[in-house]
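The structure under discussion appears below in the form of C-alpha cells.
The values are calculated or read from the model by the stated rules, or taken from the named source; none is laboratory data. Everything numeric in this text was worked out from a predicted model, so none of it was measured. Here Cβ is always computed from backbone atoms with ideal geometry, including for glycine, and neighbour counts include all displayed protein chains. Side chains included, ligands, DNA and RNA excluded: accessible areas come from the protein's heavy atoms. Shrake-Rupley method; radii C 1.70, N 1.55, O 1.52, S 1.80 Å.
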Amino acid sequence: IGWIPFYLDRCDRHYTNQKWLRRDFGGRLPSEVFREHSLACYVTDPTSLKLRREIGIDNIAWECDYPHADSIWPDAPEFVLNELNGAGATDEEINKITWENACRFFNWDPFAEIPRERATVGARRAIATDVDTAIRSRKEWARLFAEKQGQSA
C-alpha cells in the first residue's frame, strides 16, 4: 500500500498539468475516482500504515495471504493487531482495515451465517481445537500424511 500516496499525487498532478488532453473524470480528480472504486490489500506494511489517512482509510484491507509462503498464519490476528497498534490506529480504523472495508467493497455480511459474538478470533479458535497449526517442513507433512494413510514415508 506504500505506493498509493505517490501514485495518487502523480495522477492528480498529471491530470491538472495536462488539461490540454481533455480528460474528464466528471469534475473529480483521479485520486477521488481511485478512492471511490479501489480497495488495496496488504499483508504487512508497518511503515505505510502510518500513511493510512493519506492512502484513504476506507481503501485499505488487510489480508493474511494464507496458505502462501508470505502468510503470517497461524498468528495472523496477533500480528496484524500489533502492527496496527504500532501505527497508532484507532479501534474504528482497525475494524475498517481488518474486515469492514472488504465486507463493504464486496457487499458481504459476515454475520449472516455466524453471529458476531461467535465470529471473534477467540470464539473461532475455541471451536477449532482439533486444528493443527504447527509450522512444519514439507518433508514432515509428507511423513505425517503417509503415517495417517498407513504407508511409510
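Filtered by the rule that a residue be surrounded by 17 or more Cβ atoms within 10 Å (Cβ to Cβ) and hydrophobic (A, V, I, L, M, F, W, C), region 52-66 gives Ile55, Ile60, Ala61, Trp62, Cys64. The set of residues from region 67-102 being open to solvent by 80 Å² or more (accessible area, probe 1.4 Å) and either at positive phi or not in a helix (DSSP H, G or I) (or both) comprises Pro67, His68, Ala69, Asp70, Trp73, Asp75. Residue check: Thr16 meets all listed conditions (1) of a type in the set (Ser, Thr, Tyr); (2) closer than 30 Å to Ser137 by Cα; (3) open to solvent by 40 Å² or more (accessible area, probe 1.4 Å) but one, namely (2). Of everything in region 103-133 that is aromatic (Phe, Trp, Tyr) and not in a helix (DSSP H, G or I), the residue that is nearest to Pro74 (Cα to Cα) is Phe111.
Select from region 134-150 the residues that are surrounded by 10 or more Cβ atoms within 10 Å (Cβ to Cβ) and assigned to a loop (DSSP other than H, G, I, E, B) and list them in ascending order. Give the steps one after another, and end with the answer.
Residues of region 134-150 surrounded by 10 or more Cβ atoms within 10 Å (Cβ to Cβ): 136, 140-147.
Passing the criteria: only Arg136.
Suppose we filter Ile94, Ile72, Ile60 for residues that are of a type outside the set (Gly, Ala, Ser), closer than 17 Å to Ile1 by Cβ and either touching a Ser or Thr at 6+ places or on another chain (Cβ under 7 Å) or modelled with pLDDT under 95 (or both); which single one remains? Lay out the reasoning, then the answer.
Details: Ile94 fails: either touching a Ser or Thr at 6+ places or on another chain (Cβ under 7 Å) or modelled with pLDDT under 95 (or both); Ile60 fails: either touching a Ser or Thr at 6+ places or on another chain (Cβ under 7 Å) or modelled with pLDDT under 95 (or both).
Exactly one residue qualifies, and that residue is Ile72.
The condition (being open to solvent by 40 Å² or more (accessible area, probe 1.4 Å) and modelled with pLDDT of 95 or more) is satisfied by just one residue among Arg10, Arg23: Arg10.
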